[in-house]
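Data block below; observations after.
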Amino acid sequence: MTDLTPYLNRLDFLNDTANQIIKDFGMSGLEIKFSGNADNAYAELFLQIHPHIEKLMKGSTGNFYNLLYRIDLSENQIKKAVESSLDKSISETLTDLILKRELLKVVMRNFYKKQ
């Protein structure tokens, strides 16, 4: 995955990422809200997404796989992330991966919009 560090402090990208997350999770009936505060955007979104991921993993696997498909995460990406994150739970690793994938979608869309 591309280095997304430069975009983690840009409010315009964070707002667009939050909107993308709200849209994707909303299509699964899951509510996510974002305060718009860039200082703790990652932590805020992580803390909202993580419980949904845990719940979907435990009970609603069909909805879970639909969400991953909508976000566009492949089995290989997930497997690689889980194998390399031995210090985190699977749900924490997936939450981090979802946030980064959603940010990457925003970055790529912005890049191609300028072309």
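The set of residues in the stretch 5-45 that are under 22 Å from residue 64 (Cβ atoms), small (Gly, Ala, Ser), part of a helix (DSSP H, G or I) and touching a residue at least 12 places away in the same chain (Cβ under 8 Å) contains only 18. Within the stretch 8-26, the set of residues being closer than 14 Å to residue 97 by Cα and either exposed (fewer than 15 other Cβ atoms within 10 Å of the Cβ) or hydroxyl-bearing (Ser, Thr, Tyr) (or both) comprises just one member, 17.
A quick yes/no check of all residues on (1) under 14 Å from the mean Cα position of the chain (by Cα); (2) of a type in the set (Asp, Glu); (3) over 13 Å from residue 25 (Cβ atoms):
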residue: 76; (1), (2), (3): no, no, yes
residue: 81; (1), (2), (3): yes, no, yes
residue: 84; (1), (2), (3): no, no, yes
residue: 91; (1), (2), (3): yes, no, yes
residue: 95; (1), (2), (3): yes, no, no
residue: 99; (1), (2), (3): yes, no, no
residue: 106; (1), (2), (3): yes, no, yes
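Taking (1) over 28 Å from residue 113 (Cα atoms); (2) touching a helix residue (DSSP H, G or I) at 6+ places or on another chain (Cβ under 6 Å) in turn, residue 80 satisfies each apart from (2).
Every number here is computed from the coordinates shown, using simple stated rules; none is lab data. Here the structure is a predicted model, which is why all the values come from computation and not from measurement. Counting neighbours? That spans all protein chains shown, and the Cβs are built from the backbone with ideal geometry, glycine included.
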